[in-house]
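Working notes, structure below.
The values are calculated or read from the model by the stated rules, or taken from the named source; none is laboratory data. The structure presented is a predicted model; accordingly, all values stated were derived computationally and were not measured. Cβ coordinates were reconstructed from backbone atoms using ideal geometry, including for glycine residues, and neighbour counts include every protein chain displayed. Each accessible area value is taken on the protein alone, full model and side chains, heavy atoms only, with ligands, DNA and RNA left out. Shrake-Rupley method; radii C 1.70, N 1.55, O 1.52, S 1.80 Å.
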Amino acid sequence: MLMAIEEIRVCGTVQGVGFRPTVYRLAKAYGLRGDVCNDGEGVLIRVAGSEEALTEFVSKLQQECPPLAKIQQLTRTVYKGEFKFDDFVISTSINNAIKTEITPDAATCPQCQKEIFDPFSRFYRYPFTNCTHCGPRLSIIRTIPYDRCNTSMSAFAMCPECAKEYHNIENRRFHAQPIACHICGPKAWLERADGKPVTASMFSMLDDVDAVCTLLQRGEIVAIKGLGGIHLACDATQEKAVQKLRQRKKRYHKPFALMARDISVIEAYCNINAKEKELLTSPAAPIVLLQKKTVYSSLKTQYSIASSVALGQNTLGFMLPYTPLHHLILKRMNRPIVLTSGNLSDEPQCINNDEARDKLGKIADYFLLHNREIVNRVDDSVVRVVGDKVQTIRRARGYAPAPISLPPGFDNVPPILAMGSELKNTFCLLRENKAILSQHLGDLENAAAFNTYQDTLNLYLNLFEHQPAAIAIDKHPEYLASKLGKELASANKIKLYSIQHHHAHIAACMAENAIPLDSSPVLGIALDGLGYGEDGKLWGGEFLLADYYQFQRLATFKPVAMIGGEQAIYQPWRNTYAHLLAANLWNNCQQQYTDLEIVKLLQQKPLKLINQLIEKSINSPSASSVGRLFDAVAAAIGICPEECSYEGQAAIEMESLVDMNNLNNCEETKKYHFKFGLLDNIYCIDPAPMWQALLNDLQQQIAKKIIAAKFHISLANAIVEMVNILRQENLINQVVLTGGVFQNSILLEQVTNRLQSLKIHVLTHSLLPANDGGLSIGQAIITAAQLINNN
């Protein structure tokens, strides 16, 4: 029988997921000799056996890949080095150039769940139980390779029993780096926020973790240190508790995330389809936005969710327990809890105990803390299902930092660092034909968030030993990420590329849809709050003919003043007034529509001063922003006219008003119309006729939900009509829909369906957020294209 000795290189998500034990088990089964180890590139296998056995071994390895593993590349070559193996063994890790991946944190697997509730298991009620199929990864790692000594578990020496399982090839915890138990592992404990001692007589409880359930049922707020950060929790069915949390946290309107013990609890409150159930129970265990039931199932629950959990929303964001700690807390909880980030509004989530005591001491009544350090802050991911496709809204725990493969044509691109945007920031490391997107890092205008951004960026650069040959930034001169990118480029003498905001949005969508580098241009429709344009003005409703190299602006929405600059984002009435002025309707409003609430409100404002600001262009830049158009319409029909506590609140609440039956029954003659013309030699969509019709509807006291439905469907029609106009002059086979406005599921579905009916191929986001959370990949890939073009 012909014998062979091979070196097998496996790249992908193959460290910390039970891959080496699988290799070992299969190698032994096929009678092979050699070894397997982790190194900077992934997993290295040196193996000897018959050619037939080796071929079957490789085939089986791909078929029986562990649940959390992902093989991106497997290369077989003849091994020419010294080979002295009489058996097959797992060797110690090799430290060399880092090219491997870091696995995202994974939700508790079914086997570990069973063990923590089994009184005969040594892991009974142990809140840090894990195995190679689940548990902490990114949140505890300091450096690659993923070995215990390189994680925050290095502080905990294994007891004999854990060491036995760790070294037992037949055990699920074979080489599970965070393995621990009651004897040797991290401990959780309960504290009072007022510093007084917690006594057993206060509760009827099994342990401190179980006591949290009792506290929540009593209406207390508990800060819970979890996997990637500290959360604030309360009973979601107690209005008083939820209101108390809102007031203390200073998060007055933004919806709270919920956690429920199991699917059956969620089903009492929301409709769940098969795709949503799959997401909830996946290893990523994200928050899934689900449609509220109009009537809660009385057969399944006697509790109603507090109205202040999700004000003005027709969805609830639910997740299932994703650590043993959460499973143990919720074991006796037959109703949902609020589980929101442990921070003051807009600040980063707390991750260490002292920080939590300091910052959350006046918010929480109690703390459930533990002594396993969180190395990397990781927020909960947020997704929803639109049609039959997953839409990522926030990419973090469970998904980051899993790499995204680059499209064909981007081979051998030098390392690139893309800095991202100002809001919903992520950064991106592009290397080895992959894009590594950081977890969601928040809004950098907050000083604490910007500090976290810099710390996380440094950690990633060191973790992946990433030395960029180019840095990509957004064109906006005032974005903090862009300023930092300029400083890094200057200090390290690295080439700097400034990328237009909406071009980056479009390129990100193209990349995740694997559009090759040499493809013909697509028509990208990028609708958002704002982005810095090539002409130095603010864009936000753009039709760009684009490929990865360049773009041509074909059409836009009519620019309207953002009165007060950033104030217009949080005071929607400003946008309404600006649009009425732009449509030459304000004088008419004061004569014909004086009974309308929005007109009465606007008449109370200092309009003379505001008019001067607009005329003199003082802090009132014009912007072609569709995001602000949504705000303007929402305010006009009475949704958050005075003030929003977070960007997009008015638009989101208007979307929630829309009844799909009203949407589908919206007759053609009753839709609003937009005007199409030219502006600075490009096509322009002007909403002026829409405003006249909308004011008439308000005067006739047409229901808000009808007006909201008409606006959505009319805007979708206007977008598609513009596509038809542009198709007459340009070769357009594919259309990209991107930007934060396309997180509106109604608009996304309406535009997609109408374009598809015209036989146009539509590209949308799934892996990446349509908002600025995906922007950095677009920046990176445009820079890569330019580098390739220059070479």
Could you say whether any residue in the range 7-19 is open to solvent by 20 Å² or more (accessible area, probe 1.4 Å) and aromatic (Phe, Trp, Tyr)? no
From Val43, Val78, which residue is modelled with pLDDT under 95, farther than 29 Å from Pro283 by Cα and of a type in the set (A, V, I, L, M, F, W, C)? Val78
Is it the case that Ile494 is at pLDDT 95 or above and either buried (at least 24 other Cβ atoms within 10 Å of the Cβ) or within 25 Å of Leu545 (Cα to Cα) (or both)? no
For the range 110-131, which residues satisfy the criterion of being within 19 Å of Pro66 (Cα to Cα), touching a residue at least 24 places away in the same chain (Cβ under 8 Å) and open to solvent by 10 Å² or more (accessible area, probe 1.4 Å)? Gln111, Gln113
Can we say Ile639 is buried (at least 20 other Cβ atoms within 10 Å of the Cβ), part of a loop (DSSP other than H, G, I, E, B) and either at negative phi or without any contact (Cβ under 8 Å) to a residue 40 or more places away in the chain (or both)? yes
Restricting the range 20-40 to residues that are open to solvent by 10 Å² or more (accessible area, probe 1.4 Å) and in contact with a Leu (Cβ under 9 Å, 6 or more places away or on another chain), which is modelled with the lowest pLDDT? Thr22
Condition check: out of contact with any His (no Cβ under 9 Å at 6 or more places or on another chain) and at pLDDT 95 or above. Does Ser154 satisfy that? yes
Subset of the range 407-418, residues touching a Lys or Arg at 6+ places or on another chain (Cβ under 9 Å) and open to solvent by less than 20 Å² (accessible area, probe 1.4 Å), comes to Val413, Ile416
Take the conditions hydrophobic (A, V, I, L, M, F, W, C), without any contact (Cβ under 8 Å) to a residue 40 or more places away in the chain and either part of a loop (DSSP other than H, G, I, E, B) or crowded, with 19+ Cβ neighbours inside 10 Å (or both) and apply them to Cys149. Does it pass? no
Checked pairs for the range 70-81, first open to solvent by 70 Å² or more (accessible area, probe 1.4 Å), second in a strand (DSSP E or B) and among the small types (Gly, Ala, Ser), C-beta under 9 Å and 6 or more apart or across chains, list as Lys70/Gly12; Gln73/Gly12; Gln73/Gly42; Val78/Ala4
Could you tell me which residue of the range 419-444 is least open to solvent (accessible area, probe 1.4 Å), considering only residues that are closer than 11 Å to Ala784 by Cα and modelled with pLDDT under 95? Arg431
Matching entry among Arg397, Arg372, Arg384 (being outside any strand (DSSP E or B) and open to solvent by 10 Å² or more (accessible area, probe 1.4 Å)): Arg372
For Asp208, are the conditions met, namely being surrounded by fewer than 24 Cβ atoms within 10 Å (Cβ to Cβ) and within 27 Å of Asn353 (Cα to Cα)? yes
Subset of the range 746-755 [more than 25 Å from Leu423 (Cα to Cα) and open to solvent by less than 10 Å² (accessible area, probe 1.4 Å)]: Val751, Leu755
The one condition Val265 fails out of (1) within 16 Å of Lys292 (Cβ to Cβ); (2) touching a strand residue (DSSP E or B) at 6+ places or on another chain (Cβ under 7 Å) is (2)
Criterion first (surrounded by 24 or more Cβ atoms within 10 Å (Cβ to Cβ) and either assigned to a loop (DSSP other than H, G, I, E, B) or without any contact (Cβ under 8 Å) to a residue 24 or more places away in the chain (or both)) does Ala472 satisfy it? no
Quick one: would you say Leu457 is at pLDDT 95 or above, part of a strand (DSSP E or B) and within 30 Å of Leu279 (Cβ to Cβ)? no
Which condition breaks for Phe174 when tested against (1) surrounded by 20 or more Cβ atoms within 10 Å (Cβ to Cβ); (2) modelled with pLDDT of 90 or more? (2)
Can you tell me which of (1) in contact with a strand residue (DSSP E or B) (Cβ under 6 Å, 6 or more places away or on another chain); (2) assigned to a helix (DSSP H, G or I); (3) of a type in the set (Gly, Ala, Ser) is the one Ser139 doesn't meet? (1)
Test of understanding: among Gln743, Gln649, which residue is of a type in the set (S, T, N, Q) and open to solvent by 10 Å² or more (accessible area, probe 1.4 Å)? Gln743
Filter pass, Pro606 being at pLDDT 95 or above and closer than 27 Å to Asp346 by Cβ: no
Only strands (runs of 3 or more DSSP E) wholly contained in the range 508-625 count here; list those with 1 or more residues that are more than 17 Å from Val735 (Cα to Cα) and open to solvent by 20 Å² or more (accessible area, probe 1.4 Å). 522-532, 538-546
Scanning the range 756-778 for residues that are in contact with a strand residue (DSSP E or B) (Cβ under 7 Å, 6 or more places away or on another chain) and surrounded by fewer than 22 Cβ atoms within 10 Å (Cβ to Cβ), which turns out nearest to Ser405 (Cα to Cα)? Leu767
Members of the range 47-62 found to be closer than 23 Å to Lys84 by Cβ and open to solvent by 20 Å² or more (accessible area, probe 1.4 Å), listed by number: Glu51
Does at least one position in the range 780-787 carry a residue that is over 20 Å from Thr315 (Cβ atoms), open to solvent by 40 Å² or more (accessible area, probe 1.4 Å) and in contact (Cβ under 8 Å) with a residue 24 or more places away in the chain? yes
Select from the range 25-46 the residues that are outside any strand (DSSP E or B) and in contact with a Gly (Cβ under 9 Å, 6 or more places away or on another chain) and list them in ascending order. Ala27, Tyr30, Gly31, Leu32
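Every residue, every condition in (1) surrounded by fewer than 20 Cβ atoms within 10 Å (Cβ to Cβ); (2) touching a Phe, Trp or Tyr at 6+ places or on another chain (Cβ under 9 Å); (3) without any contact (Cβ under 8 Å) to a residue 60 or more places away in the chain, yes or no:
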position: Gln313; (1), (2), (3): yes, no, no
position: Tyr322; (1), (2), (3): no, no, no
position: Leu328; (1), (2), (3): no, yes, no
position: Ile337; (1), (2), (3): no, no, no
position: Thr340; (1), (2), (3): no, yes, no
position: Glu347; (1), (2), (3): yes, no, no
position: Asn352; (1), (2), (3): yes, no, yes
position: Ala356; (1), (2), (3): no, yes, no
position: Leu360; (1), (2), (3): no, yes, no
Candidates Ile102, Ile94, filtered to the one that is of a type in the set (A, V, I, L, M), within 24 Å of Pro286 (Cα to Cα) and open to solvent by less than 70 Å² (accessible area, probe 1.4 Å): Ile102
Being over 30 Å from Asp518 (Cα atoms) and free of Cβ contacts under 8 Å to residues at least 12 places away in the same chain: is that true of Asp443 here? no
